[in-house]
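Worksheet: the structure to be examined is printed underneath.
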Amino acid sequence: MSLVLNQMAAAIVAGAGGGGGAAPTWDSADKNAGVTLSNGDLTVTYSSGARSGAGSTGEQTSGAYYFEVVVDTGGGSWLSIGISPKGYARNLDLGQSADGYGYGIQGSKYFDGSYGGFAYSSFTTGDVIGVAFDIDNNTIEFFKNNTSQGSESVTLDGADYAAAIIMDAAGQECTLRTTTAEFSYSVPSGHTAFGGS
C-alpha cells in the first residue's frame, strides 16, 4: 500500500506545472499586500501602496514553457510581466534584481538586474502578453498579441522560475493563462504550456 501511495504522490508532483495536475495560478503565498487575487487566483488586481506584485505556482527548474497574461485593465506608468524565482521581492521592478525578467507596459525590458530601455512595443488594456522561456537553453521571448518582441539570450540557472507580475496603478488587472485550452495563440515551437493542456 505504501508503495502505491508513494507512486501516486510522485505522479502528482511531476504533474504540477507544464503537465497534468492542477494548473498554475497566482500564488497567494508569494505576493505582497498591494495586490488582491480573484477568479480562482487567476486574476490579480492592484489595490494600494507602492509597486506590488505576485508570482505564480508551478515553478520550474528545467524545460521550456509558455504562458499568457491578459491585460484586463492597463494604465499607469508601470506594469511588468515576465518570470522570476519564488521569493523575489514583489516591490521591485520585475528584472531589477537578479533572476527577474520583465516586459513593461511602456515597452521597457529589465533583465537580471540590467535595464534595457524601451526595446519593445508598449501594451495596454485588451492586449495578450505571451512569455516563452527555455531554462535549458537560456532564452526568453515575449509576445504582444502573438507578435514576437525578439528572442533573447539570458542566463536562466540556479532558480525555480514561475510567472510573475509587478503593478503600480489603481485599477490595473491581469489574468494568467497557463493551459493550451485557455490560450489565445499557439504555443511556440519547442515549448510546452506552463500548465499543460
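Quick note: the coordinates plus some simple rules give every number you see, no bench work behind them. Worth saying up front: this structure is predicted, and the values here are computed from it rather than measured. Every residue, glycine as well, gets a Cβ built from its backbone with ideal geometry; the counts of neighbours run over all protein chains shown.
Values as computed for the structure displayed
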read-out: The chain: radius of gyration over Cα atoms, expressed as a fraction of 2.2 N^0.38 Å; value: 0.97
read-out: Theoretical FRET efficiency, 1/(1+(r/R0)^6), r = Cβ-Cβ of residue 39 and residue 118, R0 35 Å, to 0.05; value: 0.65
read-out: 0 to 90° range, to nearest 10: angle between helix 2-15 axis and the chain longest Cα axis; value: 20 degrees
read-out: Kirkwood Rh in Å, taken over the stretch 99-197 so that all alpha-carbon pairs contribute; value: 14.4 Å
read-out: Sequence-separation-based contact order of the chain, relative, with Cα cut under 8 Å and 6+ spacing, percent; value: 29 percent
read-out: GNM flexibility winner over the chain from 117, 82, 74 (Cα, springs under 10 Å); value: 117
read-out: Qualifying lysines (Cα of each under 17 Å from Cα of residue 86; at least 8 residues distant if same chain); value: 31
read-out: Difference of contour (0.36 nm per residue) and Cα-Cα distance, residue 169 to residue 127; value: 13.4 nm
read-out: Set of lysines with alpha-carbon distance to residue 109 below 19 Å, sequence-local pairs under 8 removed; value: 144
read-out: Rounded Å value of the spacing that divides the Cα centres of the stretch 103-163 and the stretch 50-80; value: 10 Å
read-out: Charge tally in the Cβ shell below 14 Å around residue 93, where Lys, Arg are +1 and Asp, Glu are -1, residue 93 excluded; value: 0
